[in-house]
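The values are calculated or read from the model by the stated rules, or taken from the named source; none is laboratory data. Because the structure is predicted, anything quoted here is derived from the model rather than measured. Neighbour counts are summed over all protein chains in view; Cβ atoms, including those assigned to glycine, are modelled from backbone coordinates with ideal geometry.
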Amino acid sequence: MKEVKMKSKQTIEKNKLGHWIFIFGLAFAFIAGLVPKEWIVPVTTSLIILGTLVGFLNIKKEETTPFLIATTSLIVIGTARFGLTLIPPKEFGLFLATAVGNITIFVLPAALIITIKAIWALAED
């Protein structure tokens, strides 16, 4: 009985950790839109690591389809982000374009992991 309680407590803590990593990653991706170009490599690397953690820790089996639909939409929006640079003032448009690109970079590894998990689950059935 203790083992079951411990396991569920670990699952709850893992889900909380994944939730907080997701919130932090979104905030970081948005704020990183203000970061100078010289920092692009460490910012991108951090976003990829955070997105990978979200993919492993945060998405449950029943959330797979809505998550993949949402991330697909976000990735499509991310490819059109360059139109945001036309929003005046120029600095604001550039910030929005960079923030959307960062959010896409953050979500992409999670989407890849969840896609692989979904395909794996289909192959097992």
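Screening the range 106-117 for residues that are surrounded by fewer than 21 Cβ atoms within 10 Å (Cβ to Cβ) and of a type in the set (Val, Ile, Thr) and picking the one that is farthest from Phe22 (Cα to Cα) gives Ile116. Is it true that some residue in the range 118-125 is within 21 Å of the chain's Cα centre (by Cα), at pLDDT 85 or above and either surrounded by 14 or more Cβ atoms within 10 Å (Cβ to Cβ) or not in a helix (DSSP H, G or I) (or both)? Yes: one or more hits. Within the range 30-38, can one find any residue that is at pLDDT below 90, crowded, with 17+ Cβ neighbours inside 10 Å and under 14 Å from the mean Cα position of the chain (by Cα)? Within the range 30-38, not a single residue is at pLDDT below 90, crowded, with 17+ Cβ neighbours inside 10 Å and under 14 Å from the mean Cα position of the chain (by Cα). Residues that are under 14 Å from Ile105 (Cβ atoms) and surrounded by fewer than 16 Cβ atoms within 10 Å (Cβ to Cβ) within the range 53-72 are absent altogether. Of all the criteria given as (1) in a helix (DSSP H, G or I); (2) under 17 Å from Ala118 (Cβ atoms); (3) in contact with a Phe, Trp or Tyr (Cβ under 6 Å, 6 or more places away or on another chain), the one not satisfied by Thr65 is (3). Could you tell me which of the residues Thr45, Thr72 is under 15 Å from the mean Cα position of the chain (by Cα), modelled with pLDDT of 95 or more and among the hydroxyl-bearing types (Ser, Thr, Tyr)? Sole residue among the options that is under 15 Å from the mean Cα position of the chain (by Cα), modelled with pLDDT of 95 or more and among the hydroxyl-bearing types (Ser, Thr, Tyr): Thr45. Looking at this structure, is Ile77 surrounded by fewer than 18 Cβ atoms within 10 Å (Cβ to Cβ) and at pLDDT 90 or above? Here the answer is no, as Ile77 does not meet what is asked. Checking each residue in the range 80-96 for being surrounded by fewer than 14 Cβ atoms within 10 Å (Cβ to Cβ) and closer than 14 Å to Phe30 by Cβ picks out only Phe92.
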